[in-house]
Every structure is written in structure tokens, then in C-alpha cells.
Amino acid sequence: MPADAPIQLSERVFYLPGSVNAALVVGDEREAVIVDTGQDKDAGRRLKGACAHLGVTPIAILNTHAHADHYGGNDFLVRNLGLSVYAPPFEASILQNPYLEPVYLFHGAKPPQELLSKWLMAKPSPVNQLLAPGRLELAGLALEILDTSGHAHTHYAVNVDGVLIAADAVFGTDVLDKYPLPFGQDVARQIASAERVADVGARTVLPGHGDPTEDVAALVGANLAAFERAAAAVAAACTGVPTSAVLRASCRALGIVINDLPRYHLNLCVVSAYLSYLRETGRVELSIIDNELRWTAVAPV
Ligand SMILES: [Zn+2]
């Protein structure tokens, strides 16, 4: 099978597997909408080839969220095919200013150059229209845009033709095995969004990473279990120690070995998201002692 041959999930929905799954939704007039564009221009080029393979004309890109691996192909596709870009609010600012991703990962300060690679900073993309949850008519298609935020501060999924293009609202089960601290920025909403994926009633769910599945209950169950395992590991690590020590103990408990700066900051961001969540839900408390921010688990009453 040629590298640009997309895989069909339903009459109208196809996807191009890769480290990030990109989807193609085909309307009546052989026009297509691309959902997420992968890491870089090579991913964009593959999507262009996939459209040619299907004999469809892409007219728009829908980005689910502004992590570099989901919109890195925009630049190539916009330049070469003149596509319009639709993106969720908040995330749209990052698409247009990709430096924001390494900046927020480094506490808002100027990031070290290791955080400026294409893994964390894509080329900027224009945004032509902000997405909103609800029905969106595009290419003769009726797309249902769902708010599935939590993995990113604003994250939308696309429900069409029996397929939920979930992006990172849920991860494939093999991905959860490999990354036991699944990336998330707002854990309470991430949990609610995973539950929502189960309630949509889609026949097939396509995660952003991992294989599509029709066993939606098993997929969502595995994600919720991973979130709970991560929350428990972070809570157990809160023994009156600073954030860096919570990160170290959580990673040890979950079998994670970090050996580069991008992964350190990605995991630190996730641990910080869990600390916020655990504090909001009364499971940990913080104190600042001797110029150090310390986290302590609250004993259950
Ligand atoms: Zn993501």
C-alpha cells in the first residue's frame, strides 16, 4: 500500500496513520476537510498525497488543539493548497504564535533552545475561523464539534458519519501502556471529556495516537484508569516535598525514565496539572516554607 493511501473508517471518513493520526472527511462534491495535520511539512505532504489518492479536493483544515504534533503540517498545506484553517479559541492564539508552547512549558520564561524543536514548536499557521461546539456545515458535511477539553486547555473533537475523530481526548490503549503519565493540562475536564467520548454513541473512535476502535467502552475505561493511576501516584508523592520531588517520585512509581529536557518539562506540566486537580478536589495542599513550594497529601477523613 502506498504511504499516502488513507484507511477508510466509514463511507466519508478516512485517516492517515502516523505518530499522529490525521483524518480526511469527504463531502458530496468530492471536497474534503482535513482534521489535524501531523508533525511537519512531511506530514502535510502525505496528506496532500492522500487527497490525490482519493481524488478529493481539500478545502479546509480543522485543528483539534494547538500541540505542535497536530498542526505542524498546516504551514505546508496552507501555502500549497490555500486551505482555510478552523481552530478552537485559545488554541488559535498558539497556532498563530507557536513560541507560546515552549514558553508555557518553561513557566512563562524564555525557554532553553532544547524546547524550541519541531516537537514542541511548529511553524505558525493562520487561523481563518474560530470553532465553536455544535453543528458546523463545511464541504456539504454536517460536522458535530464537541468540547473535549482537558488534554489541552481547549480541545475539540469532531463527530461525523458514525466516527468520532477524538484526537487526544483519549489515547489508544497501547499508547497508555507506553506513557503512563498521559499528557493533560486540566485533569478534571480531561476526565469529563473521556466520559463524554463514551456517551457520544459513535460506532468508531479514532484517537490522535494509537489505533481506531469500535470497543469504545474499553478505550474510555483504559483512559479513565490511567488518569486515576496517575492521580494516585502524584498524590502519594506529596510528602511535604517540592514539585521537582513530586515529579521524581511519581515517575519512579509509574516506571517513567526522563532523559531529555523536553520530556522533563512535558512531564512536569502533567504533574502540575495533577497537583492543581488534587488540590481542587481536596486531596493535597500546598505551603511555601523556606522559599520552597511544598505539596502534602491530605489524609482522608
Ligand atoms: Zn496533544
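The values are calculated or read from the model by the stated rules, or taken from the named source; none is laboratory data. Treat the numbers as computed from the prediction; the structure is a model and nothing was measured. FYI the Cβ positions are ideal-geometry reconstructions off the backbone, even for glycines, and counts take in every protein chain you see. Areas reflect the complete protein model, heavy atoms only, side chains present, ligands, DNA and RNA absent. Shrake-Rupley method; radii C 1.70, N 1.55, O 1.52, S 1.80 Å.
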**Extreme residue, positive dipole direction of segment 1-97, given options G27, C51, V13 (C-beta unit charges)** = C51
**Fill in**
For segment 233-297, inverting the pair-averaged 1/r of distinct alpha-carbon atoms gives a Kirkwood value in Å of 11.8
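First compute the accessible area of segment 7-229 with a 1.4 Å probe, then give the percent of it belonging to carbon and sulfur atoms. All intermediate terms of the calculation are to be shown ahead of the outcome.
Details: 4430 of 8820 Å².
Carbon with sulfur: 50 percent of the solvent-accessible area.
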**Item:** Sulfur and carbon atoms: percent of accessible area, segment 233-277 [1.4 Å]
**Value:** 55
**Message:** Tell me the per residue accessible area of the chain using a 1.4 Å probe; a whole number in Å² is fine.
**Reply:** 44
**Request:** Of all alpha-carbon pairs in segment 137-293, indicate the percentage at a distance above 27 angstrom.
**Result:** 28
**Asked** Who wins for biggest fluctuation among N97, N80, N63 in a Gaussian network model of the chain, springs between alpha carbons below 10 Å?
**Response** N80
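For the chain, what proportion of DSSP beta bridges, expressed in % and rounded to the nearest 5, is antiparallel?
On the way: 32 of 46 bridges.
Of all bridge pairs located within the chain, approximately 70 percent are antiparallel.
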**Request:** Return the single residue from G210, G44, G240 with maximal mean-square fluctuation; model: Gaussian network over the chain, springs between Cα atoms under 10 Å.
**Result:** G240
**Item:** Over segment 55-134, equivalent-ellipsoid semi-axes from the Cα gyration tensor in Å
**Value:** 24, 14, 9
**Message:** Just to be sure I follow: if Rg is taken over the C-alpha atoms of the chain and Rh is the Kirkwood radius over the same atoms, what is Rg/Rh?
**Reply:** 0.99
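With every protein chain kept in the model, how would you rank R196, R248 by accessible area, 1.4 Å probe, largest at the top? Don't jump to the answer; show the numbers that get you there.
Details: R196 95, R248 150 Å².
Result of the area sort, largest leading: R248, R196.
Could you work out the local net charge near D4, counting Lys and Arg as +1, Asp and Glu as -1, over the other residues with Cβ closer than 10 Å to its Cβ? Could the numbers behind the result be given before it?
Details: positive: R45, R46, K48; negative: none.
Result for the local shell: +3.
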**Asked** Nearest 20 debye, what's the magnitude of the dipole of segment 7-229 about its Cα centre given +1 on Lys and Arg Cβ and -1 on Asp and Glu Cβ?
**Response** 620
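So if I average 1/r over every pair of distinct C-alpha atoms in segment 1-111 and take the inverse, what Kirkwood radius in Å does that give? Mind showing how you got there, number by number?
On the way: mean 1/r = 0.0702 Å⁻¹.
Value: 14.2 Å, from the Cα pair sum.
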